[in-house]
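Every number here is computed from the coordinates shown, using simple stated rules; none is lab data. What you are looking at is a predicted structure, and each value in this text was computed from that prediction instead of being measured. Ideal geometry is used to build each Cβ from the backbone, glycine not excepted, and the neighbour counts take in all protein chains shown.
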Amino acid sequence: MLGSLIKIFLRSYATKLNQHQQLLMARNLPKKEMIFGVKDIIVVASGKGGVGKSTIAANLACTLAKLGKRVGLLDGDIFGPSIPLLMNVQSEPLLNDKDRMIPPENYNVKCLSMGMLTPLDGSIIWRGPLVMSAIQRLLKGAEWGPLDILVVDTPPGTGDVHLSLNQHVPVTGVILVSTPHTASIQVTIRGAKMYEKMNVPILGVVENMRYSICENCKNRMEFFKKEISIKSLPSKLISIPLDAHIADCSEAGVPVVVKYPNSEYANLFTRLAKEICSLIEKKNDSKGDKSDASLN
């Protein structure tokens, strides 16, 4: 009797699932499918809040559009959406004859956010299943296509939104955003580990707010005197300064790269956008080579 109870106890707390258990659990997972008309999906993420993910996502999307790409920007932050403010798209999306949302467009970027579907002063108080359902609706209940790239701005942490994205759609790659201090990097590393476990490629790290350029003397002012262990993260794509105009542009709903297209900030984002496009092309070429090999 005691032996049977011990076996039941051990079985109940087993951490490794057998093949039958994995199949049973997989039945309840959504089917991972491409969004109709969308070629690639890029996620902008970081475990840490306040590092500038939304600003990076908005400016990257606008820069990609300036380079001739057909771009969409999805606000994945259900509880604290900021894309409507940053992109000046406050209106509620219309529905087409298929009952699919038509993302409003600004700066040649199609945008969609829960902030367009809820009152400005309202709060969303939802548990996980509702959040996951909302992400599915924003992803697959909208007429996104045709798009070359859909940029997804995500909330801090490693929770429901990140899991839902990976369960519903194949993510081309993730851009991690971090400020160069220990507290931020440690949490960003956790976010990187999550995507590694989900087999999602990490394109690299955007190091944000490391320095600023004095408008008078043009000298570079470093906010972080020593190099923190950014080496613990994937390769650094680019280092972005803290620009004095960013706050004003965000309040006005005009991304910096749009209002100041000849600024150093805009030039850096052009470099970042071109690097992302190059990484996507290499990844897709590699995928094509593997597909061709499988046919031989």
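Once you place label points 7 Å from the Cα toward the Cβ at S91 and I125, how far apart are they in nm? Once both label points are built, they end up 3.3 nm from each other. Taking a Cβ cut-off of under 11 Å around I78, the surrounding Lys, Arg, Asp and Glu residues balance to a net charge of -2, with basic ones at +1 and acidic ones at -1. When each of the peptides 182-190, 142-150, 208-216, 82-90 is scored by the mean number of other C-beta atoms lying within 10 Å of its residues, the order from highest to lowest reads 82-90, 142-150, 182-190, 208-216. In this structure, the amide hydrogen of I202, modeled 1.01 Å from its nitrogen in the peptide plane, lies closer than 5 angstrom to those of V174, counting only residues at least 5 positions away or on a different chain. Pairs of Cα atoms nearer than 8 Å and 6+ residues apart set the relative contact order; for segment 177-266 it is 27 percent. Under a 5 Å amide H cut-off, with hydrogens placed 1.01 Å from N, D40 pairs with I149, L150 among residues at least 5 apart or on other chains. Close amide H pairs (under 5 Å, H built 1.01 Å from N) link N106 with C111, residues at least 5 positions away or on another chain. Taking packing as the residue-averaged number of other Cβ atoms within 10 angstrom, the listed peptides 74-80, 255-261 run from highest to lowest as 74-80, 255-261. Could you pull out the pairs from K193/K283; K66/K197; K259/K287; K32/K274 whose alpha carbons sit more than 32 Å apart here? Over 32 Å Cα-Cα: K66/K197; K259/K287.
A simple charge model with +1 on the Cβ of Lys and Arg, -1 on the Cβ of Asp and Glu and nothing else charged puts the dipole of segment 30-288 at about 880 debye relative to its Cα centre.
For a footprinting-style exposure proxy, rank K98, K48 by other Cβ within 10 Å, fewest first.
On the way: K98 7, K48 22.
In increasing order of surrounding Cβ atoms, one gets K98, K48.
Sorted ascending by nearby beta carbons within 10 Å, beginning with the fewest, C217, C277, C111 become C217, C277, C111.
Would you mind ranking D248, D99 so that the residue whose beta carbon has the fewest other beta carbons within 10 Å leads the list?
Values: D248 12, D99 7.
Least to most surrounded, the residues fall as D99, D248.
If you take the Cα centroid of segment 184-216 and the Cα centroid of segment 32-77, the two points sit 15 Å apart.
Just to be sure I understand: of the beta bridges DSSP finds with both ends in segment 30-288, what percent are antiparallel, rounded to 5? Display every interim value, and only then the final one.
Values: 7 of 36 bridges.
Antiparallel bridges make up about 20 percent of those DSSP assigns within segment 30-288.
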